[in-house]
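Asks: I am attaching a structure below and will ask some questions about it afterwards.
The values are calculated or read from the model by the stated rules, or taken from the named source; none is laboratory data. Bear in mind that the values here come from a model prediction, so they are computed numbers and not experimental data. Methodologically, a virtual Cβ is constructed for each residue, glycine included, from the backbone with ideal geometry; neighbour enumeration extends over all protein chains shown.
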Amino acid sequence: MLQKEMQFMNQVKSNFQILAATISTLYFGLFAYGAFIFIKEFEKVFDSFESELPIQTSLLIGTYHYWGILGLISAFILFKVSKGKSSKSMSVLIWLSVLSILLVVFAIWGVYSPVLESSGQSAT
């Protein structure tokens, strides 16, 4: 009886990991797509500025094209989890989630820095 319960718990854990990896993959895909669309629009606005952009905004505009790599890494983790090789995959997925939150904060900071600087307020 105990062995059947352990087998059931392992199956539930495996299914939860697959679900979490699937949701994360969708999240990172939408995150990268949203960042690409959102920052691309701001890039057009920033091109109309006649002044030099702050370093964080220049860095944001130069790197947002590569944020889709998060989705690819997450898809690879989903593949590993679905094959039952998920020993460290879930911890990597958690670190990717933290990284995506930091990228959102960086994007907001980078996008609004020129606006705050042009209005006379300090953005840093």
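Asks: For residues in segment 55-104 being hydroxyl-bearing (Ser, Thr, Tyr) and assigned to a loop (DSSP other than H, G, I, E, B), which is farthest from residue 19 (Cα to Cα)?
Replies: 87
Asks: Does residue 59 satisfy the criteria of being at pLDDT 80 or above, aliphatic (A, V, I, L, M) and surrounded by 11 or more Cβ atoms within 10 Å (Cβ to Cβ)?
Replies: yes
Asks: Output the number of residues of segment 16-49 satisfying the condition of being aromatic (Phe, Trp, Tyr), exposed (fewer than 13 other Cβ atoms within 10 Å of the Cβ) and assigned to a helix (DSSP H, G or I).
Replies: 1
Asks: Quick one: would you say residue 52 is without any contact (Cβ under 8 Å) to a residue 60 or more places away in the chain, charged (D, E, K, R) and part of a helix (DSSP H, G or I)?
Replies: No, not satisfied.
Asks: Quick one: in segment 91-103, of everything that is among the aliphatic types (A, V, I, L, M) and surrounded by fewer than 13 Cβ atoms within 10 Å (Cβ to Cβ), which residue is modelled with the highest pLDDT?
Replies: Across segment 91-103, the extreme among qualifying residues is 102.
Asks: Let me ask something else. Please find, within segment 62-90, the residue that is surrounded by the most Cβ atoms within 10 Å (Cβ to Cβ) out of those that are among the aliphatic types (A, V, I, L, M) and under 19 Å from residue 105 (Cβ atoms).
Replies: Restricting to residues being among the aliphatic types (A, V, I, L, M) and under 19 Å from residue 105 (Cβ atoms), the top hit is 70.
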